[in-house]
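What follows is one structure encoded as structure tokens, with my remarks underneath.
The values are calculated or read from the model by the stated rules, or taken from the named source; none is laboratory data. Model, not experiment: these values are computed from the prediction. In this analysis, Cβ positions are derived from the backbone assuming ideal geometry, glycine residues included, and neighbour counts consider all displayed protein chains. For accessibility, only protein heavy atoms count, side chains too; no ligands or nucleic acids. Shrake-Rupley method; radii C 1.70, N 1.55, O 1.52, S 1.80 Å.
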Amino acid sequence: MSVPTKLQEPHLARRHRIDKAFEWVCCGSTWFGVVVLGMLLLSVGWKALTWPPSKAKLPSSPVATVEATSSSAPLSTRFFSSYDSRKPREAGILAAIWGSLWLIVLVALFSVPIGVGSAVYLEEYANDGRLKRIIQVNLSNLAGVPSIVYALLGMTAFVKMFGFFTKDEGKSLVINLLFTTVDVPLPFDRTLISGALTLTLLVLPTVIVASQEALRAVPSSIRTASYALGATQWQTIRYQVIPAAMPGIMTGVILALSRAMGEAAPLMLIGALTYVAYTPGDITSVSDIFKNPHGLLDAPFDKFTALPLQIYQWINHPRAEYGHLAAAGIMVLLTILLLMNTVAIVIRHKFQKCTRW
Amino acid sequence: MSLANAVSPLTPPKTGLRLQKQFSWARAREAGVRAVLLGCASLSLLTTLAIVYMFLTEAVYSVTPGTTAFFQEVSLWNFLADTEWSPQFADKHFGILPLLCGTFVIAGIGSLIGLPIGLAAAIYLSEYAKPKFRRMMKPVLEVLAGIPSVVYGYFALVFVTPYALRPIFQSLLGIDVDIFNAMSAGVVLGVMIIPTVCSLSEDALRAVPRGLREAGYALGSTKYDVSLKVVVPAAFSGIVASFLLAISRAIGETMAVCIAAGQMPRLSLNPFRSMETMTAYMVGASLGDTPAGTIEYKSLYAVGFTLFLITLGMNILANWVMNRFREVYE
Amino acid sequence: MTIMQSFTELVHQRQQRESAKRNRPVESEVTKLDVRNLNFFYGEKQALFDVSMTVAERAVTAFIGPSGCGKSTFLRALNRMNDIIEGAHHNGTVLLEGQEIYAPDVDVVSLRKRVGMVFQKSTPFPKSIFDNVAYGPKIAGQRNHKGLSEIVEQSLKRAALWDEVKDRLQDSALALSGGQQQRLCIARALATNPDVLLMDEPASALDPASTSRVEDLIFELKQNYTIVIVTHNMQQAARISDWTAFFYQGYLIEKDHTQKLFTTPKKKQTEDYITGRFG
Ligand SMILES: Nc1ncnc2c1ncn2[C@@H]1O[C@H](COP(=O)(O)OP(=O)(O)OP(=O)(O)O)[C@@H](O)[C@H]1O
Ligand SMILES: [Mg+2]
């Protein structure tokens, strides 16, 4: 018996070494993402905070000295309260922040009812027939369509409306809402509503699939119990199933919206990449909404810019100073996204803990 | 036990039972709600139809009288075989090859980096890591997946090229590295697909029944043997599906490659030069505010259509593989 | 025959208890439900074979039989809960007070309001105790909060749960014990004010103390409701039911007054089952 043991021992040691090495490789791969994330945050943060450079480094031009008196670091209140500018020291993200805010609100308004509605239809009403299978396959394919294709669709369907309205260029549809009227340009042209609709199409598959999963997780005993009490199908869904699935739906929706918030490509193609020095509906603070409520109705049909677009514009700018502005913009965008992600994770955590069927 | 006696009957006994359906708002609402929800669900079908309609009318065959679609002006042969892409010059060439080349070189570099790392991370998370570590790591991966594409592009431009690629390749090896280069785009693309690969592969690995692992250990295998020779082969099709989905995402990725790789259509395999992908061309063309109706404008749809077909093909393949995998274990 | 004797004893005890309470005859003879030649299928698989039976009003009818014999299926056929199951179909008639419940013009929703159901596994909604009980009346259009509170209180009292929960009506129903949850489900079913209450093994997941409370409750409820109960516990059937029906492999073997069925069963299979020779 001693012979085979001796023969196997070095072999066994080698196998253990391979095992250990493999574990280290895998562990390293797992940390790789974290390390890159750290480097990314550090390099961007460093870029954002090293602005403005000390005066000594600046070429002494008369403009610079004038600017210096009224300028401040990117991540100061000034950065948040001014529009983009030809002078890097005066540029800010006011228009971009309000544009992004409007986009998110509009996308949520469009995508949540439609997305949850589709999911409810697929999970609760559709019997496992051809239609459901087709829709389901279609959804999984739509989820994989690149955002730039949605951008093309948005440009064709919303900005140009397939060319159906080319004859009466500049016309607009006036909708009478009893107390006030809204001018709806047709086609929508490069307005917020075009952007919002494009992003809605982009996130819908994600929202639908997430909602479907949340609905599927609701135990069927809840439905049966509700039916047994004489509830109709819609009452059962409305009062039992959707409330029970709400945390899951919310998580999915927030993650989808945060994805929409970071998307630049669709907005670029619909032509939002322009110099914009106003906010949608001229609303720059909450109090403006009360002063000028009509701005709320006008805003969706205004031209706009958004955070990722503004960032891209600054990245692409030949003057190096704008690189720092881009970094500052990225910090703002990442902070918002991180907050949204945290909210989503917290909701999911709470939900996992306190529900036991 | 005075319970029931203390309570008066809720209502007097019912007389005359009526079960018949009768018109009521509640019933009308049921039907209405159902119709509205069906409408919502068919919206996704409508989206697909709109995409197909758009590509067919703008790229293949125009239905509006007096206008022509892209392929009515440029032959399919030219589009596929011409080696030059120069829509903005006087001497216009519409050969998709340089754009395809840029797309596949960059997506290839991204895959070479992202797929193995993503898979290794998935193996670590599903086979080695403690549950606590996994719970901690998942949100980090989610954050990584949630970082916008523009940010990765910026990272490639201000960090990867000057601080990682140039010191290694230019200073050490003497290869010229452009500011905009395919390599940096590929590197960040690799990072971007790690979360996709990792979470989908991990799902596939974890779906492998425990019994299989235990059988492996019972034969005296190390963890390495079990992971690589038992679990990974068992989850193979799920892993392949995750790879396909990730590659398809890499091909469709826009802003990062547009920023990092620049916009120089080039039919070459040198990853240290600037290249243009299909997506970057589409962004670039839209920047110049190309007027509708010009051939340049129509070329957007032709390129978009090509991209759409490639990613669609890969997605369908991935879903097919994935379903095969599910059949085995469910 | 000691088992038979013990059953006789149980039934006898019950009769005494009952007649002490009121002067009504033990069994009422008005037919509430009338099932004729019911065949039931799950897709290809037939679960019930030509079952005919009547259910008497204001009485407790118990279904007994070995597992998988179709008791639940039959019970669920009585308020069309099987409609939800994919591929389920049937033939034959089920009459509620003389009306065919499977007729095409029947509204299942109003049917289920008249024929309530309590399940084996308690299924409280993940909401407050109050909302659980108020749910039925609310969806039926009762919006007035005062009216709702009244119904909730009465239903909880009828389900013998009021004293235990009256101070925490807004707490989550999931925080109640299993026995309390089951009584909550009964209260919830009572709140819609049904005529018929179907119970599928309502006490099988409960401890003896909770079981006896639920049994007392059923005993009280039969003064106002028609109750049909599935049970695996033959002592329980003997204790609480007026009528007992024995199912075997999808067939209704025998249905009779509880006392008769347990003491002088007509069929051999019934006798074998209740004396524990199989099942
Ligand atoms: N949803 C279903 N789909 C298919 N077959 C079913 C379904 N529900 C029940 N069955 C079958 O129908 C037959 C009767 O089932 P049922 O649930 O009525 O039995 P049961 O008498 O209530 O049994 P138990 O005492 O175990 O509850 C069984 O053979 C069962 O397998
Ligand atoms: Mg049963």
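Each row is one residue, and each column tells you yes or no for (1) out of contact with any helix residue (DSSP H, G or I) (no Cβ under 9 Å at 6 or more places or on another chain); (2) modelled with pLDDT of 80 or more; (3) more than 10 Å from every other protein chain (Cβ to nearest Cβ).
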| residue | (1), (2), (3) |
| --- | --- |
| B:Gly16 | yes, no, no |
| B:Leu19 | no, no, no |
| B:Arg29 | no, yes, no |
| B:Ala41 | no, yes, no |
| B:Leu76 | yes, yes, yes |
| B:Trp85 | no, yes, yes |
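Give the stretch B:106-125 a look and list any residue that's under 20 Å from B:Ala182 (Cα atoms), hydrophobic (A, V, I, L, M, F, W, C) and over 17 Å from the mean Cα position of the chain (by Cα), or say none. Result: B:Ile117, single match. Considering the stretch B:160-181, and only residues there that are surrounded by 15 or more Cβ atoms within 10 Å (Cβ to Cβ) and aromatic (Phe, Trp, Tyr), the residue that is nearest to A:Ala326 (Cα to Cα) turns out to be B:Phe180.
Restricting attention to the stretch C:189-215 and to residues that are assigned to a loop (DSSP other than H, G, I, E, B) and away from chain B (no Cβ under 11 Å), the residue that is modelled with the highest pLDDT turns out to be C:Glu201.
Condition check: in a helix (DSSP H, G or I), more than 20 Å from C:Arg36 (Cβ to Cβ) and modelled with pLDDT of 85 or more. Does C:Arg76 satisfy that? The answer is no for C:Arg76. Where helices (runs of 4 or more DSSP H) fall wholly inside the stretch B:199-296, the ranges with 1 or more residues that are free of Cβ contacts under 8 Å to residues at least 24 places away in the same chain, within 21 Å of B:Thr311 (Cβ to Cβ) and within 24 Å of the chain's Cα centre (by Cα) are B:278-287. Comparison of A:Pro219, A:Pro243 shows that the only residue that is touching a residue at least 24 places away in the same chain (Cβ under 8 Å) and not acidic (Asp, Glu) is A:Pro219. Residues of the stretch C:87-102 that are open to solvent by 40 Å² or more (accessible area, probe 1.4 Å) and either within 16 Å of the chain's Cα centre (by Cα) or touching a residue at least 40 places away in the same chain (Cβ under 8 Å) (or both): C:Gly87, C:His89, C:His90, C:Asn91, C:Thr93, C:Glu97, C:Gly98. Screening C:Ile218, C:Ile229 for residues that are open to solvent by less than 30 Å² (accessible area, probe 1.4 Å) and modelled with pLDDT under 90 leaves exactly one candidate, C:Ile218. Annotation: C:Ser52 fulfils all but one of (1) in a strand (DSSP E or B); (2) within 16 Å of ligand 1 (Cβ to nearest atom); the unmet one is (2).
The single condition among (1) in contact with a Lys or Arg (Cβ under 9 Å, 6 or more places away or on another chain); (2) part of a loop (DSSP other than H, G, I, E, B); (3) within 14 Å of chain A (Cβ to nearest Cβ) that C:Tyr102 does not meet is (3). Scanning the stretch C:183-205 for residues being away from ligand 1 (no atom under 16 Å from the Cβ) and out of contact with any Phe, Trp or Tyr (no Cβ under 6 Å at 6 or more places or on another chain) gives a total of 14.
Here B:Leu157, B:Leu228 are screened, and the one residue that is more than 21 Å from B:Val257 (Cβ to Cβ) and open to solvent by 30 Å² or more (accessible area, probe 1.4 Å) is B:Leu228. The residue of the stretch B:36-94 that is surrounded by the fewest Cβ atoms within 10 Å (Cβ to Cβ), among those that are among the charged types (D, E, K, R) and part of a loop (DSSP other than H, G, I, E, B), is B:Asp91. Assessment of the stretch B:175-195 against the conditions (among the aromatic types (Phe, Trp, Tyr), at pLDDT below 85 and under 23 Å from B:Met264 (Cα atoms)) yields no matching residue. Within the stretch B:259-273, restricting attention to residues that are more than 18 Å from B:Trp85 (Cα to Cα) and away from every other protein chain (no Cβ under 14 Å), the residue that is surrounded by the most Cβ atoms within 10 Å (Cβ to Cβ) is B:Pro271. Screening the candidates A:Ala225, A:Ala231 for the property of being over 24 Å from B:Val150 (Cβ atoms), outside any helix (DSSP H, G or I) and out of contact with any Leu (no Cβ under 8 Å at 6 or more places or on another chain) yields one hit, A:Ala231.
For the stretch A:105-147, residues that are more than 9 Å from every other protein chain (Cβ to nearest Cβ) and either open to solvent by less than 30 Å² (accessible area, probe 1.4 Å) or of a type in the set (Gly, Ala, Ser) (or both) total 5. Taking (1) in contact with a strand residue (DSSP E or B) (Cβ under 6 Å, 6 or more places away or on another chain); (2) within 16 Å of ligand 1 (Cβ to nearest atom); (3) at pLDDT below 90 in turn, C:Gly43 satisfies each apart from (1).
Among the residues making up the stretch C:233-258, a single one is open to solvent by 10 Å² or more (accessible area, probe 1.4 Å) and closer than 24 Å to C:Arg188 by Cα: C:Gln236.
When the stretch C:63-86 is limited to residues that are near ligand 1 (Cβ under 9 Å from one of its atoms) and hydrophobic (A, V, I, L, M, F, W, C), the one that is surrounded by the most Cβ atoms within 10 Å (Cβ to Cβ) turns out to be C:Phe63. Does C:Thr275 fit the bill of being at negative phi and open to solvent by less than 50 Å² (accessible area, probe 1.4 Å)? The answer is yes for C:Thr275. Scanning the stretch C:117-164 for residues that are away from chain A (no Cβ under 11 Å) and either in a loop (DSSP other than H, G, I, E, B) or β-branched (Val, Ile, Thr) (or both) yields C:Ile129, C:Gln142, C:Arg143, C:Asn144, C:Ile151, C:Val152, C:Ala159, C:Ala160, C:Leu161.
Working only within the stretch B:121-144, note down all residues that are without any contact (Cβ under 8 Å) to a residue 12 or more places away in the chain and buried (at least 22 other Cβ atoms within 10 Å of the Cβ). If the condition is that a residue be without any contact (Cβ under 8 Å) to a residue 12 or more places away in the chain and buried (at least 22 other Cβ atoms within 10 Å of the Cβ), then B:Tyr124 is the only one that fits.
Among the conditions (1) within 23 Å of the chain's Cα centre (by Cα); (2) open to solvent by 50 Å² or more (accessible area, probe 1.4 Å); (3) of a type in the set (Gly, Ala, Ser), A:Ser287 misses just one, which is (1). Criterion first (buried (at least 19 other Cβ atoms within 10 Å of the Cβ), charged (D, E, K, R) and within 30 Å of A:Val120 (Cβ to Cβ)) does A:Arg223 satisfy it? Yes.
For C:Ser110, are the conditions met, namely being farther than 15 Å from A:Thr224 by Cα, away from ligand 1 (no atom under 16 Å from the Cβ) and touching a residue at least 40 places away in the same chain (Cβ under 8 Å)? For C:Ser110, the condition - farther than 15 Å from A:Thr224 by Cα, away from ligand 1 (no atom under 16 Å from the Cβ) and touching a residue at least 40 places away in the same chain (Cβ under 8 Å) - is not met. Tell me whether the stretch C:33-40 contains one or more residues that are more than 8 Å from ligand 1 (Cβ to nearest atom), in a loop (DSSP other than H, G, I, E, B) and more than 12 Å from the chain's Cα centre (by Cα). Checking the stretch C:33-40: not a single residue is more than 8 Å from ligand 1 (Cβ to nearest atom), in a loop (DSSP other than H, G, I, E, B) and more than 12 Å from the chain's Cα centre (by Cα).
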